[in-house]
Structure formats: structure tokens, C-alpha cells
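Enquirer: So that we are looking at the same thing, I have put the structure below in C-alpha cells.
We did not get these values from a lab; they are worked out from the coordinates using the rules stated. These numbers were taken from a predicted model, which means no experiment stands behind them. Positions of Cβ are generated from backbone atoms using ideal geometry, with glycine treated the same way; all protein chains shown enter the neighbour counts.
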Amino acid sequence: MDKYFFLTGSLYFGIITLWMYIKLPKYRKAMTILGLAIFWTGPVAEYFWFTKDWWHPQTITNTIIGPEDFIFSFTNVVIPIFIYKLVFKKDVDGELEMTDKNLIKNGIKKIIICFFIPFIIAGILFQLFHISSVICVAVGLFLAGFIILINRKDLLSEVLWSSFLMAIITMPAYWLLEFIFPKSIEKIWDFSKLTGITFLTIPIEDILFYSLLGFALGGVYEYIFGFKLIKNQKRAK
């Protein structure tokens, strides 16, 4: 049964993402584009870092990286980027146009600065200095969010709320998984490489990870494409 633990967790986030696609039709194209542009960081980090010292989940293909990783990574890019706009009924003052070459070119540059550079730094910390992948990824995610806030201080509220919302949204996933797969957290997480501290049975490192994920991705859409947040008049009614 533990073989389906990771798949079940990934589908939990998949359901949330599907709900967001339904509730936020304006952002479907942006969700897909940003999800595909950034999700690759997940499987790479999973293969080279997380499964080396953080946790050891089974996949349905019995490989280090399985279909679960791609579902998990894509959804965990989309959710933190758009959850604030959904919960607080926010909108942006523009729409993503793929025909605007300058917009796309500048967007790609910002993605590289925000994610590729922090990703490389996290990799160096892990591979050369043998620092725990938990800390390495935490540093990388914090740097990504910090870069955005340095350039867009007006996104502070969105970034902080996204950080909080991601932590809250993910907690039920752990409780559901522990109910379906008893003692699975003890089996899959390598607590010898973690602090061993849990919050309501959830490893504190995982709560930190999702909180920083929201911090890093919360303001990405607005920052990359130069949009500003406004009140969504239709959904506000």
C-alpha cells in the first residue's frame, strides 16, 4: 500500500489545482505556462537531493522519479502562485499575451534570476558543502522570494499570505495520508537526517518547505510580467 502514498499525496494537490482551474478561468493559460516553466525544479531536486537524505517514497514505477513527481511539482508551482488571488478575490491589471515578445523575453530573464540562480546556489550548498537538502532548498526558496520583494515591495502582502496559505493547505494532506497509510510518515521520512520535531504529526521541515514555497512563488506572476494586483470586481460581489 505504501507504494501509492506519494501518488495519493500528489492527487490531493491535483484536485486543488483542478479546482483553481475551474474557479480562475482567466489564469488557466498562465497557470499552464508558469507550471511548465518552473516545475522541472521539482524532479531535479527530488532526484539529486531530497531522496538522498530527506525522504524515500516509493513510486508506482519503482523508480527514483515517477509520474507522481511531475504531478506533484506542477501542482506545487501553480497553487502558491495563484492561491492568494483565489482566496482574497484579487486580480491583475493585465492579461498574459504570448504574442508580446518583449513581455515574454523579460519574463524569461526574471525566471532565470528568480529560480535558476537560487537553484544553483542550493545545489552547490548540497553537493560541495554537504549541507542538508532541507536547509539548501530553504535557502534557495528564501532567496527567490527575497529577489521578488526587493524589486516589488508592493507584493509583500501577497507573498506573506501565500506562505501562510500553503502551510495551511498542505496540513490536511498529511493527516489524510497518515489515515490511509498508517505510520507511513515514520517509514518514508528519514528522521535521522531531520530535527525529529513534528507539528500535529507533520515533520516541521515539511511545514517550513511549503511555507517557503509560498514565499518564493506568491508574487511570481506579478513580478515576472509586471502586473499589479487589483480587486476582482466580479468575484467581489
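Enquirer: Please determine, in degrees from 0 to 90 and to the nearest 10, the orientation of helix 101-111 with respect to the longest principal axis defined by the Cα atoms of the chain, where the helix direction is its Cα long axis.
Expert: 30 degrees
Enquirer: Once you place label points 7 Å from the Cα toward the Cβ at PHE146 and THR63, how far apart are they in nm?
Expert: Taking the two extended label points, one gets 3.6 nm.
Enquirer: List ILE202, ILE180 from most exposed to least, where exposure is judged by having the fewest other Cβ atoms within 10 Å.
Expert: ILE180, ILE202
Enquirer: According to a simple spin-label model (label point 7 Å from Cα along Cα-to-Cβ), what is the distance in nm between LYS101 and ILE121?
Expert: 3.3 nm
Enquirer: For the stretch 76-119, which trypsin sites (Lys or Arg not before Pro) are in a loop by DSSP, counting at most 14 other Cβ atoms within 10 Å?
Expert: Within the stretch 76-119, the qualifying trypsin sites (Lys or Arg not before Pro) (loop, at most 14 other Cβ atoms within 10 Å) are LYS89.
Enquirer: What does the convex hull of the Cα atoms come to per residue for the chain, in Å³?
Expert: 125 Å³
Enquirer: Pull out a ≥ b ≥ c, the square roots of the eigenvalues of the alpha-carbon gyration tensor of the stretch 1-56, then state rounded if a/c is under 1.5, prolate if not and a/b is larger than b/c, and oblate in the remaining case.
Expert: Oblate is the answer for the stretch 1-56, as a/c is 1.5 or above yet b/c matches or exceeds a/b.
Enquirer: Let me ask you something else. Based solely on its DSSP helices, what 222 nm [θ] is calculated for the chain when runs of n ≥ 4 H residues each add -39,500 (n - 2.57) and the sum is averaged over all residues, nearest 500 deg cm²/dmol?
Expert: Numbers: 12 runs with 151 residues, N = 237.
Computed ellipticity for the chain at 222 nm equals -20000 deg cm²/dmol.
Enquirer: Still on this structure, please answer the following. Using only the Cα atoms of the stretch 29-91, what semi-axes does the equivalent ellipsoid have when each is the square root of 5 times a gyration tensor eigenvalue? Give whole Å, largest first.
Expert: So the three semi-axes of the stretch 29-91 are 27, 12, 10 Å.
Enquirer: Which order do the peptides 206-218, 2-14, 53-65 take when ranked by the mean count of other beta-carbon atoms within 10 Å per residue, highest first?
Expert: 206-218, 2-14, 53-65
Enquirer: Then there is this: Considering only PHE179, LEU160, PHE13, whose Cα is most displaced toward the positive end of the charge dipole of the chain, charges sitting on Cβ of Lys, Arg (+1) and Asp, Glu (-1)?
Expert: LEU160
Enquirer: How many angstrom lie between the C-alpha centres of the stretch 150-173 and the stretch 51-82?
Expert: Going from one Cα centre to the other spans 21 Å.
Enquirer: While we're on this one: By how many degrees, 0 to 90 and rounded to 10, does the Cα axis of helix 133-151 deviate from the longest principal axis of the chain?
Expert: Around 10 degrees separate the two axes.
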